[in-house]
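Taking it in order: structure first as structure tokens, then the write-up.
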Amino acid sequence: MIAQKKGRGAQINTHNRFDSTASFMFWEDAQHDPEILEQDKSTEFIQVHAKTIVNKVDSPDVPAAWSINPYQGCEHGCVYCYARVTHEYWGYSAGTDFESKILYKPDAAELLKKKLSSKHWTPSPIMLSGNTDCYQPAEKQLKITRSLLQVFLDHRHPVGIITKNALICRDIDILTKLAEKNLVHVHISLTSLNEELRRNMEPRTASVKNRLKTIKTLSDAGIPVSVMFAPVVPGLNSDEVFDVAEAVKEAGAISMSYTMVRLNGSIALIFEDWLRKTYPLKANRVLNLISAAQGGNLSNHNFGERMKGKGVFAESVRQQIQLARKRYKLDGKMPAFNLNLYRANANGQLNLF
């Protein structure tokens, strides 16, 4: 049985926990944009003029100290996405709203330029997409992520990227120049080699074939690529650890890491509704296994536990990952970022020679 709404992960719009209050968005700074073409007409795009673009990351579970999210909400529609609950802060639902009401920041590059030009800024790696994918479908036309990469190149500033979209290959011209100076790391998220599962669970992401091709294309161009086997969903993709490791190694990945699925807040309702509609015969077992892998609950807010899980099942996955990395030589380290090339006063194109 397949999900009822084709092309969408969430099948429901859950209640917004902030519904009794006004949206936190400054609506006078938001403008609905009907002119983003080549998109599903059921998706609404909302222009937001943010005042800042670089965010401090306080979580001890995340290695990057800073992040940039040019988009809020994500049309990829991954049903398990931990970022869904952040859409509630904008006055929307974590359900279908998250993937059909996309906020974008057209001034992102100018804001980044201002930040990196500040005399108070000390160079530190910035992660593109700590929340939603910077290469989601709207990026094809808006090119906000590409403009950000150009700013990083102009300032010789290190940047990390997390994505599950093959669109990143469009920007290989900029990425190779960054890689030549050890200024970029790319992390490709790959959840399964099963295309049917990928299509159901991550409906608008790149196919398995294209994701593996993306890893190879970037790696062959000299761009360091790590793979995130994420999230591990017990009972759905948890038996694929070694197969995924073998495939990404063959494609050229340097390393592989993972996270365990966690269903915080309304994500649990969204995921369970999707699961019972899409894989009804597996639903109870999968939910029980997820709970077992997170210490007895579908959710886990505890730093140090929430990303890798807790309990016997989580330990079994950890050991499998460890063995797979060793067997396929995926325990390599990404090259160290070069922080010595940074220049606050970028003047046009960077001279790489």
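The values are calculated or read from the model by the stated rules, or taken from the named source; none is laboratory data. The shown structure was predicted, so the numbers you read here are calculated from the model rather than taken from an experiment. Quick reminder, even Gly has a Cβ in these numbers, built from the backbone with ideal geometry, and neighbours come from all protein chains shown.
A few notes on this one:
- Where T163 falls short, out of the listed (1) touching a residue at least 60 places away in the same chain (Cβ under 8 Å); (2) polar (S, T, N, Q); (3) crowded, with 24+ Cβ neighbours inside 10 Å: (1)
- For segment 178-203, a tally of residues being within 17 Å of the chain's Cα centre (by Cα), among the hydrophobic types (A, V, I, L, M, F, W, C) and either farther than 26 Å from E75 by Cβ or assigned to a strand (DSSP E or B) (or both) returns 3.
- Candidate set from segment 130-177 (those that are among the small types (G, A, S) and part of a loop (DSSP other than H, G, I, E, B)); member that is modelled with the highest pLDDT: A138
- Residue among Y104, Y92 that alone is in contact with a strand residue (DSSP E or B) (Cβ under 8 Å, 6 or more places away or on another chain), more than 19 Å from T259 (Cα to Cα) and crowded, with 24+ Cβ neighbours inside 10 Å: Y92
- Of all residues in segment 31-77 being within 23 Å of M201 (Cβ to Cβ) and either of a type in the set (S, T, Y) or over 22 Å from the mean Cα position of the chain (by Cα) (or both), the one that is modelled with the highest pLDDT: Y71
- Qualifying residue in segment 202-210 (condition: charged (D, E, K, R) and closer than 23 Å to G130 by Cα): yes
- Filter result for E88 (part of a helix (DSSP H, G or I), more than 28 Å from D154 (Cα to Cα) and in contact with a Gly (Cβ under 7 Å, 6 or more places away or on another chain)): no
- Screening A283, A251 for residues that are in contact with a helix residue (DSSP H, G or I) (Cβ under 7 Å, 6 or more places away or on another chain), surrounded by fewer than 23 Cβ atoms within 10 Å (Cβ to Cβ) and farther than 18 Å from T191 by Cβ leaves exactly one candidate, A283.
- Enumerated helices (runs of 4 or more DSSP H) restricted to segment 221-293, each holding at least 2 residues that are modelled with pLDDT under 95: 267-278, 283-293
- Some residue of segment 294-307 being at pLDDT 90 or above and in a loop (DSSP other than H, G, I, E, B): no
- Hits in segment 92-129 - residues which are in a helix (DSSP H, G or I), touching a residue at least 60 places away in the same chain (Cβ under 8 Å) and not charged (D, E, K, R): T96, F98, S100, L111, L116, S117
- Residue list for segment 319-337, restricted to those being surrounded by 14 or more Cβ atoms within 10 Å (Cβ to Cβ) and modelled with pLDDT of 95 or more: Q320, I321, A324, R325, Y328, L330, F337
- All of (1) under 16 Å from G309 (Cα atoms); (2) touching a Gly at 6+ places or on another chain (Cβ under 9 Å) hold for L263 with one exception: (2).
- The C-beta contact set for segment 174-185 (first residue on the phi > 0 side of the Ramachandran plot, second residue surrounded by fewer than 17 Cβ atoms within 10 Å (Cβ to Cβ), distance under 6 angstrom, 6+ apart or interchain) comprises N182/P335; N182/N338.
- None of I144, I168, I174 is over 12 Å from the mean Cα position of the chain (by Cα) and farther than 22 Å from M334 by Cβ except I144.
- Among the candidates G252, G265, G235, residue that is out of contact with any strand residue (DSSP E or B) (no Cβ under 6 Å at 6 or more places or on another chain) and within 20 Å of L330 (Cβ to Cβ): G252
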